[in-house]
1. Which chymotrypsin sites (Phe, Trp or Tyr not before Pro) in region 267-302 sit in a loop by DSSP (not H, G, I, E or B) and have at most 16 other Cβ atoms within 10 Å of their own Cβ?
2. Compare the Cα positions of GLY275, GLY80, GLN262 along the charge dipole of region 24-321 (+1 at Cβ of Lys, Arg; -1 at Cβ of Asp, Glu; about the Cα centre) and return the one farthest towards the positive end.
3. What ³J(HN,Hα) values, in whole Hz, does the Karplus curve 6.51 cos²θ - 1.76 cosθ + 1.60 give for region 187-200 when θ = phi - 60°, with x put for Gly and Pro?
4. Probe of 1.4 angstrom, ligands and nucleic acids ignored: what's the accessible area per residue over region 24-321, in square angstrom?
5. May I ask you to rank THR119, THR181 by accessible area, largest first, using a 1.4 Å probe over the protein chains only?
6. Nearest 500 deg cm²/dmol is fine: what mean residue ellipticity at 222 nm does the chain get from its DSSP H runs of n ≥ 4 alone, each adding -39,500 (n - 2.57), divided by its residue count?
7. Pairs to check: LYS85/LYS248; LYS149/LYS303; LYS85/LYS303; LYS66/LYS303. Give those whose C-alpha atoms are more than 29 Å from each other in this structure.
8. Which residues does a label at GLN262 reach in region 285-319, if reach means a backbone N under 13 Å from a point 7 Å past the Cα toward the Cβ?
Amino acid sequence: MGFPIMRPRRLRSSQALRKAVQETQLSPRDFIYPMFVCPGENVRREISAMPGNYQLSIDQLVAEAKEAESLGIAGIILFGLPESKDPEGSDAYSDDGIVQRAIRAVKQEVSDLLVIADTCLCEYTSHGHCGHIVDGDVDNDATLELLAKSAVAQARAGADIIAPSDMMDGRVEAIRDALDTNGFDTLPILSYAAKYASVFYGPFREAAESAPQFGDRRSYQMDPPNQREAMREIALDIEEGADIIMVKPAMPYLDVVFRAKQEFDLPVAAYQVSGEYSMIVAAARNGWLDLDRAMTESLTCIKRAGADLILTYFAKTMARAL
Ligand code: PBG
């Protein structure tokens, strides 16, 4: 059966019809809002490469977290700017570390907002790499122990989900073991399972002050041309105990999101990263794109591809618009 009996345009002829047959709908519950916490009080420093996003001291962060909760957003994910950095990234696993303190403060004030801890060392190491350096490269197995310690410190502070973003082999298992031995066997792991070495993280490195001081992250993050390898990474993380899997970035990697959703039965998260956000905002500022429509379309399409959860710097703006 074809034209003229079938006329797909019939169902597009009014907003009411289009809405009635819409296959994908966004809700504030889809979103996780990334936030940057820094030392001090009353600090609210706009990140120049990510307009509308701020480095926030704990007091300011708590206020914004409460706002996110009232907008119905699913959760926040925290990145820390420590007072000082060292080669081993010790602020990441100290009980007084910036993120641990922030988690405790936020958890006291919210009840319906997930507080997710990004588990990685790059924000805390003086060299800006995601682990322990041996001979100019990150040593995988030595890093696992540090990541596990960081996850336990975040768990002790009250994190609802542990989200390792480092891309070391075996880190989900190491973190799962450490959490279980320390009495956190019910705490879920959201693993950045397929995280690519992407140029689109550029603005984030200004936000988190985490640019590598030498080299790049290509020896641990995935190579952008590879899709099958992503399935292998995800399968390994699931075997090691991941509860939610993530693909990152989102929009240039929708094929990976789609395939992850088809092949695995765990919830899938996708991270609309800093560069994806900043490109849309910059184009809108130039008058080249409509901000609201670009935001809505990008997020809808990430969900359509299969994301159950979307990490996005638009979380609050989008939730308000819905
Ligand atoms: C830490 C981390 C990064 C991002 C999230 N966690 C940076 C990186 O890997 O260099 C990027 C997020 C973004 O660009 O929005 N490893």
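The values are calculated or read from the model by the stated rules, or taken from the named source; none is laboratory data. It should be emphasised that the depicted structure is a prediction, and the values quoted were computed from it without experimental measurement. Cβ placement follows ideal geometry from the backbone for every residue including glycine, while neighbour counts extend to all protein chains displayed. Surface areas here come from the heavy atoms of the whole protein model, side chains and all, with no ligands, DNA or RNA. Shrake-Rupley method; radii C 1.70, N 1.55, O 1.52, S 1.80 Å.
1. Answer in residue order: TRP288.
2. Ranked along the dipole, the leading option is GLY275.
3. 7, x, 10, 9, 9, 6, 6, 10, 10, 8, 6, 10, 5, 6
4. Accessible area per residue: 40 Å².
5. Numbers: THR119 0, THR181 115 Å².
Highest to lowest solvent-accessible surface, that is THR181, THR119.
6. Value at 222 nm, helices only, nearest 500: -11500 deg cm²/dmol.
7. Pairs exceeding the cut-off: LYS149/LYS303; LYS85/LYS303.
8. 305-306
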